[in-house]
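Below you'll find the structure, written out as structure tokens, and then a few comments.
The values are calculated or read from the model by the stated rules, or taken from the named source; none is laboratory data. Keep in mind it's a predicted model, so treat the numbers as computed, not measured. Cβ sites come from the backbone with ideal geometry, for glycine too, and all protein chains shown count toward neighbours.
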Amino acid sequence: MSDRGPSRPDADAGRPGPVLLRPSFVRRLWGGDALPAWLGEAPPPGDEPVAEAWLAHGGSEIATGPWAGRTVAEWIRRHGADVIGSASLARYGPTMPLLAKFLDAADDLSVQVHPDDAAAAERHPGSGHLGKTESWRIVHAAPGARVVWGVREAVSAERLRRAAEDGTIGALLRTVPVATGQVVHNPAGTIHAVGAGLLLYELQQASDLTYRLWDHGRVGADGAPRPLHLDAALAVADRSGAGDGIVPARPSAGGWTVRVDCPFYRMEERRLRTADGPVPCTTGAAVTGEADLHLITVIEGRIVLTADFGRASLDLAEGATALVPAATGRYRLEGSGTALRGRTAPAG
């Protein structure tokens, strides 16, 4: 997209309101190929199965309102803190701080690790990538589904390297059974992998920096083994053997349940029924002490989102995602279904 002015005369009028975002798909050899049909969108060209649907990121196309057809990144460059919030603007500048996606895994993903903000800045200066802390809400788990999370016990970098090189690394990794509805949190540096038979929602920092430790000996479309990144992975990997990544739910205000609360974002969940009536929600200082954007994703049912200051309502079908800018103020959700809410967290 170009950086031209708004496509409609009223695009800059008043504060920005909630918008529906159009998903974009990513093909990977481990994908399950179910996402396009579920989300009602045509798949992109390509031979590998569709594995990911990117729901909200800087490159997301806005589907409704005066900025329809433009990207979230363009919107942020024009409106800054009114979209992403003052805390995120101070922390990262005028950039989308979060990325939300669905992952559909028919096969095991590679065992991988991500850098934190400091390592990303040092190793990838000027890339635009942040560090990558991420969280998974399991939307559907096949019987016996598991994830890799960390190592079974503390291990040296040298031993982990040898195991990755000779293919015995599986004996060092902790595998964790998971079920529909659970949440797994992966701080930057966590050795992890999504297992086969999982459909999940991922909320993460806006980064695609991935270092592979092991990829099951698979080959890519070119017939060559997929590359590993052992030096980079071992430099940032947590090898302590502590924890299992499963996060307990915690009730919060307004009927929302906190699923993850970390320095970079909060993931919340709300189960709505029509009989509940409108559910008031607020962005900005009244909630966090700093203005913050909200991402609303419907993982089951159908929900209508309406902002109090009179913007058109958004009808969110199952799988849809809306971005609620920090300047929106009060909004409400009505309908029957389950909504996930991703929110930026205040700095410091």
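Here are a few things to note about the model shown:
- In the stretch 112-132, residue nearest to the chain's Cα centre (by Cα) [restricted to those that are buried (at least 22 other Cβ atoms within 10 Å of the Cβ) and not in a helix (DSSP H, G or I)]: K132
- Hits in the stretch 246-265 (condition: among the hydroxyl-bearing types (S, T, Y) and either closer than 16 Å to Y201 by Cα or part of a strand (DSSP E or B) (or both)): T257, Y265
- M96 meets the conditions (1) part of a loop (DSSP other than H, G, I, E, B); (2) more than 16 Å from the chain's Cα centre (by Cα) in every case but one. The failed one is (2).
- Boolean, G144 is modelled with pLDDT under 95, surrounded by fewer than 20 Cβ atoms within 10 Å (Cβ to Cβ), of a type in the set (G, A, S) and part of a loop (DSSP other than H, G, I, E, B): no
- The strands (runs of 3 or more DSSP E) found wholly in the stretch 266-348 and carrying at least 1 residues that are surrounded by 14 or more Cβ atoms within 10 Å (Cβ to Cβ), of a type outside the set (V, I, T) and at pLDDT 85 or above occupy 294-307, 314-316, 321-324, 330-344.
- A188 fulfils the conditions (1) modelled with pLDDT of 95 or more; (2) assigned to a loop (DSSP other than H, G, I, E, B); (3) touching a Leu at 6+ places or on another chain (Cβ under 6 Å); (4) not β-branched (V, I, T) except for a single criterion, (3).
- Condition check for I76: buried (at least 23 other Cβ atoms within 10 Å of the Cβ), under 16 Å from the mean Cα position of the chain (by Cα) and over 27 Å from A233 (Cα atoms): no
- Selection within the stretch 213-245 - touching a Phe, Trp or Tyr at 6+ places or on another chain (Cβ under 9 Å), without any contact (Cβ under 8 Å) to a residue 60 or more places away in the chain and assigned to a loop (DSSP other than H, G, I, E, B): H229
- A34 of a type in the set (A, V, I, L, M), at pLDDT 95 or above and within 22 Å of R341 (Cα to Cα): no
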